Every structure is written in structure tokens, then in C-alpha cells.
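Heads up: the structure comes next, in C-alpha cells.
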Amino acid sequence: MTASLADHTIHRPVRYTDVSDYERMVPVHVVWEITLACNLKCLHCGSRAGGPRADELTTTEALDLVDRLAGLGTREISLIGGEAYLRKDWVEIIRRCRSRGMRTAIQTGARNLTEAKIAAAVEAGLQGIGVSIDGLAALHDRVRGVPGSFDQAFAVLAAAKAHGLAVSVNTQIGPETLSQLEPLMDRIIAAGATHWQIQLTVAMGNAVDNDQLLLQPYQLLDLMPLLARLYEDGRERGLLMVVGNNIGYFGPYEHLWRGFGDESEHWSGCAAGQTGIGIEADGTIKGCPSLATSLYAAGNVRTATIEDIWRHSEAMRFGRLRDVDELWGYCRTCYYADVCRAGCTWTSESLLGKRGNNPYCHHRVRDLAAHGRRERIVKVKEAPADSFAIGEFALIEEAMPGCDLRPMPARDPNAVHVRTVVRAADGGLAPATLDLCRDCERYVWPHETTCPHCGGDLATTAARHAADVARRQALIARARAVLARLGSEGARHEA
Amino acid sequence: MTTIRPLYMVTVTDAICKGDLAEMKKLRAECEKHIADHGDIASLLSTLQVEIAKAEHGAKRK
Ligand code: SF4
Ligand code: SF4
């Protein structure tokens, strides 16, 4: 029998946010760069890691910060770098996070992460490890800047698994990765990883210098069907693909992967500063770890309390206050404008220098292609040498090779659907919720009666779907009852 | 509602497949395991019925 993800116990992991987290503004997820020191030389490193920051938090400051995050309601924490384990007190930080009840994991490039180090972290309570692997050996070693790093990454996967850690692989996708995804997935499954996080490489830091590592937006036309196929294949083989926040949005696969089978889940906008916090090693706080420091540094725990920064800083609150009026370009006229808000802020703003317009979008790429068009990016400004620095790219719309340009339909920016919002007493805002058209499996606003994508009658298809669900539920109940009886029979015989 | 998944949010390792499809596949796997462990009662029964019918038919002919 094939190992199946469905064998996992059904439970609700702590990481799952609910409406009340948004309303009460709980920073459920924290990603913390505990040091910028790193022993790899990645060509796409957004934080340009290498040496430690000049003034990284002391052990006392770091442990105090853990306590304060716990007080704010943080339920899970990912420790990153640089390389988290290059900080001498990393095990102590893990121990404190666990004593505060947070699910705790590290992300690593895995170079020189010895078995002894893994054992010490596990003893302190570490629960998960994510290993970055960006392609097969030659590509990975080239991108990560160190020969042999691919083999080390797999050795660490094996050691971590042997120590009982939850093991995931994290892959950044660029043009060269595309053809290697399938064989890479085979390797990852063979290594026993259960989760595979996929993310597009973002135009930040070293990736601006090495812009050949950036996907062209129109390449989503090839990438997304490939990912969908691998998602389904992986699901059958015990590997759950976790599409990152810059893999989107609202195309034909949104219902497939965003909720891992729960179709009521869909992309609902950048959560920076709403349910997440990013921390830099010197105590700088941002709404998301990846955002540009120059634009989103919301304060520093050395000069203000994390509580005040979280609740009141403008750079933290942008996600709670923004509306469709800050969108521009295609996104401003998009059907999904008010739920999507141009996807991942980090990805779009790093690319174009201003948030609110995101060419890395499957819905958009398909719409443009249907009119014989595509978008291409060209670097026009280098990024400064700082950590999390951004450059600038021009966005060029052109004819798809071999196609005639057809006019785009006129779309009035003032006509996009904007939901009525009701802010909670605490100031937070629950994200918008869409329905799924059961004919074309694309998301639609709940007020629709006819699907704007396929023209189907939504009530009819919803009724048909409800009947299907009822039938399936009945079958599930029957199967469970039969299996339970067989289970108890088996138990009687064994006794 | 979806949830934040920034790059490096390693704790997603507790994410699981959800929905009817995942549940039906889990049940299918349990059924297959039962058959592997205990044999397929349904096909055993129909084979028994066929053989009984044949035997009875033969007995009547005698
Ligand atoms: S075009 Fe922009 S607003 Fe529309 S779905 Fe894509 S990223 Fe979101
Ligand atoms: S900027 Fe991108 S990665 Fe960060 S919280 Fe927003 S969507 Fe997620």
C-alpha cells in the first residue's frame, strides 16, 4: 500500500489562523532571523547574509523577546538566519520558545549542521526543520555557492528524520528549476520529507544582482500546470506541497492547494502585520520577515515594546488599513482586487518598487494570454548593498510570440467589487470570503448569481455539489462504521 | 480562510490534507489493508455461492 498523507491524524494545527486571530490582531506566526551569519553564498539571498549584523540581540534580550511574543499570543516560530545555528545560544532560544508553548522549527541551508547540533536542538524541544534545496546537485550547488551543499542538505534531512523531527524541504523556483522539479520531488520523497514548500525567487538583495534567477511572469503558464500535477502526484506519495504566498492567484488551481483540500480556503491577501511578525537579528520588527527593511522597519525592540510596535506602528499596520485604491496597473481593475490586494507585497514591491501591482499571477497571465499578450520584466536599477535591499524592474507588455495582439476588454477601476467591511472592536479585520463555482472551479464573490468566468448558474451548480457532498458524506459514514465494526471484531479475536 | 505562509515558515510541517477526497482515500486505504490482512470476504462469498450452486446442481443431476 502506498503511504498516503491521508493517513495523518485529522486535527487542527496551531498554525491555522481563524477570524478571531485577525479581529484580535494576534501575531500567530513569527519568523525570526536570529543571526545574519551564514556559511553559504546564495546567489538569490534577499538578506545578503554572510557576517552577523553589527548589533545582534544579546541572549537576555532574545529570551525576553520570546516571553513577550508569547504574551502577544504567538503560537509558532521559525528560527532562520543566515544560519540560526551559527548563533551560540540558538539551543537556549529554542528551549525558551518551547517552554512558552510555541511550535518551533528552524530553516537551514544545512551546511555543517552536524548530527550533534541536531541532537542538542531536539533535546531542547525543536520540532521541525526545513532544508532549502533549489534543484538537482549541479544547479543547487551553483545557486547556493558551495560545492557539496546539495549532498549535505540531503544528509541533514536523513539525520533530522532519524531524530524524529518533522522534515520539510523548501525550494525557490527560477527559470532553471522548472525542468528539475519533477526529479527533485522524487529525491525529496525518497529522503522521507513530508512537506515541500514552493516559492518563486523574489527580486531582492543578491537576486537583483543575479536577475537570471528570476522567472518571467509569463512562465507561470508552464509552471502552474506542472505544480498542479506534482501536487496531486505528491499527495498520493506522501509529500504535501505547500504553495507559498507568492504562488497565486485565483487561477484554476487555487481550490486545489491553498486549503490542502478544504476548498473554503483561498488566497485572502497578504497577512503581513495582521497575523505575522518578522524579526531581524538586531531587534528590528517588520510585518513579514521578507519585506524591505528600508520601507517596513516598524520599530526596534530595544527602543519600543513589541506590543506597541505591533499595535501602533504605521509600517506594521499597512495591511490592516489598505484598500483597493492603493492598487495600480492590471490589479486595480481585477475581479479579485479587494480580496487579493495584489498578492504577496514582498514579491510585487521588491520587483516594481511600489506595492499594489503583481505580474506574478496566474489569473492575470492567463487573461493576458487569452488576448495574445504577456508581461516581461527587465532590470532598470540595481539594488544597494544592504540586507533586504530592492532594485527596480520595468514591466513590459508585449505580444505573445506567434500571436496577434487582441484588445483587452475595458474594465472600469471604479466598478470592481468592494466588500462592506466591519472592523472588530480591537481594530482588526477578517479577510474576505469567496464562493467556488462548481462548474469551472474558479472563485467568485458571494453576491454573484452567474459565474463571471464560465457563465454557469451558481445556484444550480451549488445544489448539484451539495447533493454530491451529501452522498460522499453518507458513504464516508458507512465506511467508517463498517471499518469500526471490523476493527472491534479484530480486537476481540486478538484478545 | 487561508493562512500566512511566508517563505521559511517551517512550521507548516503540521499541515495536512483535508476534505472528503482525503477522507475517502484514507478509508479506501483502510479497506485495502483489511482485504490484505483478512482476505476479500465479498469475493470469497460470491465464489462460495458459485461453487455451492454448481455442487447443488451437480447433486440434483445425479
Ligand atoms: S491580477 Fe492582481 S489583484 Fe488580480 S488576482 Fe492577480 S495579483 Fe491579485
Ligand atoms: S509580504 Fe508576502 S510573504 Fe510576507 S506576509 Fe505578505 S504575502 Fe506573505
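Net charge around A:V421, counting only other residues with Cβ within less than 12 Å of its Cβ (Lys, Arg = +1; Asp, Glu = -1)? Taking every Cβ under 12 Å from that of A:V421, the sum is +1. Note on segment A:260-399: with charges restricted to the Cβ of Lys and Arg (+1) and Asp and Glu (-1), its dipole about the Cα centre is near 280 debye. Within chain A, how many lysine pairs that are 8 or more places apart, or on different chains, have C-alpha atoms less than 23 Å apart? Eligible lysine pairs with Cα atoms under 23 Å apart amount to 9.
Stretching A:R464 away from A:R311 to a fully extended chain increases their span by 50.6 nm, per 0.36 nm per residue minus the current alpha-carbon distance. For segment A:272-286, backbone phi angles converted through the Karplus equation (6.51, -1.76, 1.60; θ = phi - 60°) give residue-by-residue couplings of 3, x, 10, 10, x, 9, x, 10, 8, 4, 8, x, 5, 10, 9 Hz, Gly and Pro being listed as x.
Scanning chain A for DSSP H helices at least 27 Å long along the axis (C-alpha atoms) with a Kyte-Doolittle mean no lower than -1.0 picks out A:458-494. Dipole magnitude for chain A: computed about the Cα centre from +1 point charges on Lys and Arg Cβ and -1 point charges on Asp and Glu Cβ, it is near 640 debye.
Charges on Cβ only, +1 for Lys and Arg, -1 for Asp and Glu, centred on the Cα centroid of segment A:205-321; of A:A298, A:G248, A:A207, which one is farthest towards the dipole's positive end? After comparing all options, I get A:A298.
With Cα atoms as the point set, segment A:224-281 shows a radius of gyration and Dmax of 13.3, 40 Å.
How would you classify segment A:289-347 from its alpha-carbon gyration tensor, with a ≥ b ≥ c the square roots of the eigenvalues: rounded for a/c under 1.5, else prolate if a/b is greater than b/c, otherwise oblate? Judged from the Cα gyration tensor, segment A:289-347 comes out prolate (a/c at least 1.5, a/b above b/c).
Rolled with a 1.4 Å probe across the full set of protein chains, the surface gives B:K33 an accessible area near 100 Å². Split the accessible area of the protein assembly as shown by element, probe 1.4 Å, and carbon with sulfur accounts for 54%. Kirkwood hydrodynamic radius of segment A:327-377 from all distinct Cα pairs, in Å? It is 11.0 Å.
Taking every alpha-carbon pair in segment A:106-248 and binning the separations at 10 Å intervals from zero gives 11, 42, 34, 11, 1 percent. When each of the peptides A:211-222, A:127-138, A:193-204 is scored by the mean number of other C-beta atoms lying within 10 Å of its residues, the order from highest to lowest reads A:193-204, A:127-138, A:211-222. Farthest towards the positive end of the charge dipole of the protein assembly as shown, among the residues A:A37, A:F318, A:W90, is the Cα of A:W90, using unit charges on the Cβ of Lys, Arg, Asp and Glu. Projecting the Cα atoms of A:P289, A:W346, A:H195 onto the charge dipole of the protein assembly as shown, computed from C-beta unit charges around the Cα centre, puts A:H195 farthest toward the positive end. Across the protein assembly as shown the C-alpha pair distances fall into 20 Å bins from zero in the proportions 20, 52, 22, 4, 1, 0 percent.
The values are calculated or read from the model by the stated rules, or taken from the named source; none is laboratory data. All figures in this text were calculated on a predicted structure; none of them were measured in a lab. Don't worry about glycine lacking a Cβ; one is built from the backbone with ideal geometry, like all the others, and counts go over all protein chains shown. What goes into the accessible areas is simple: the full protein's heavy atoms, side chains included, and nothing from ligands, DNA or RNA. Shrake-Rupley method; radii C 1.70, N 1.55, O 1.52, S 1.80 Å.
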